[in-house]
There are 2 protein chains.
Amino acid sequence: MTDLRKTVETFWSAAEARDWTAFAGTLAEDVVYTLPQTREHIRGREKYVRFNREYPGDWHLRVERVVAEPGQAVSWLHFAVGLQEMYCITFFTADREGHIATVTDFWPEPYEPPAGREHLVERY
Amino acid sequence: MTDLRKTVETFWSAAEARDWTAFAGTLAEDVVYTLPQTREHIRGREKYVRFNREYPGDWHLRVERVVAEPGQAVSWLHFAVGLQEMYCITFFTADREGHIATVTDFWPEPYEPPAGREHLVERY
């Protein structure tokens, strides 16, 4: 059992460095990427690396938290593209060799809180 | 070290059952709830239980995945309120007694994929 936390850290540091060889090295050949919010899949290492390599914008990421157990992990990232800042939550599973087998991303956006809970909350 | 995975499972099953005594039993007295998308905090068990108890709508949840390690965990939920369906991603940390000390929720919404990646993706 390899350490999936370390693999996830390499995945993100390689993405930030645009080191697509190191990035591909973390992935299973039949990796499946899923974006539930847009209902998109990308199948296979080659297409998935290309998707990331071609992704537009001068994006930069910072890992806020990683939670890992044998076979699965989650990361919480801060993402910035110019002045736009976002969160990215990513679920990973690994194959038996410790390569990343599935990647599932969520990109939550800011919204205004509904009325009626001001007696309980503080804004920050 | 108590099992935070089990505590998180109890937290969600108690919420679904509206068993607010069992729900409160998973929480540290000084639990802090954070919603980064709205920049809201709720401080303390009493207010946080009340926030959940008062939350409007006939909501129902299903746990899709839990990832846990000593001291922290993440859950991925499917949430339904009538015909509206949502994802909820929640990061947890525990105190030394194994009670939930922080809860951070993300609620990602569906969106249309940007043009230019149709050569790589499948929709589902």
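The values are calculated or read from the model by the stated rules, or taken from the named source; none is laboratory data. A quick note: this is a predicted structure, and the numbers were derived from the prediction, not measured. We place every Cβ from the backbone using ideal geometry, glycine too, and count neighbours over all the protein chains shown. Note: accessible area is taken over every heavy atom of the protein model, side chains too, but ligands, DNA and RNA are not part of it. Shrake-Rupley method; radii C 1.70, N 1.55, O 1.52, S 1.80 Å.
Remarks
- Trypsin sites (Lys or Arg not before Pro) restricted to DSSP loop in segment A:1-54 with at most 14 other C-beta within 10 Å: A:18, A:39
- The charge dipole of chain B, taken about its Cα centre with unit charges on the Cβ atoms of Lys, Arg (+1), Asp and Glu (-1) only, comes to about 160 debye.
- Over chain A: helical MRE at 222 nm, DSSP H runs n ≥ 4 each giving -39500 (n - 2.57), nearest 500: -6500 deg cm²/dmol
- Rounded if a/c under 1.5, otherwise prolate or oblate - the protein assembly as shown, Cα gyration tensor axes: prolate
- Between residue A:54 and residue A:111, the FRET efficiency estimated from the beta carbon spacing at R0 = 41 angstrom works out to 0.90.
- Nearest-0.05 FRET efficiency for residue A:46 and residue A:81, computed from C-beta distance (R0 35 Å): 0.90
- Copy-to-copy label separations for residue A:96, where each label sits 7 Å from Cα toward Cβ, in nm and ascending: 4.3
- Cα gyration tensor category, rounded, prolate or oblate, for segment B:37-81 with a/c compared to 1.5: oblate
- In the complete set of protein chains, residue-level accessible area for residue B:58 is approximately 110 Å², probe 1.4 angstrom.
- Taking Cα atoms only, the orientation of helix A:4-16 departs from the longest principal axis of chain A by about 80 degrees.
- Each 10 Å bin from 0 upward holds the following percent of the Cα-Cα pairs of chain B: 12, 41, 30, 11, 6, 0.
- Total buried accessible area between A and B, probe 1.4 Å, nearest 100: 4700 Å².
- Accessible surface for chain A, divided over its residues, is 51 Å² per residue with a 1.4 Å probe.
- Exposed loop sites here are GluC sites (Glu not before Pro) assigned a DSSP state other than H, G, I, E or B and surrounded by at most 12 other beta carbons within 10 Å; excluding them, the longest clear run of chain B is B:1-53.
- Relative contact order computed over chain B (Cα-Cα under 8 Å; 6+ residues apart), in percent: 25
- Percent carbon-and-sulfur accessible area, segment B:4-123, ignoring ligands, DNA and RNA, probe 1.4 Å: 51
- Reachable lysines, given that their alpha-carbon falls under 24 Å from the alpha-carbon of residue A:47 and they are not under 8 places away in the same chain: A:6
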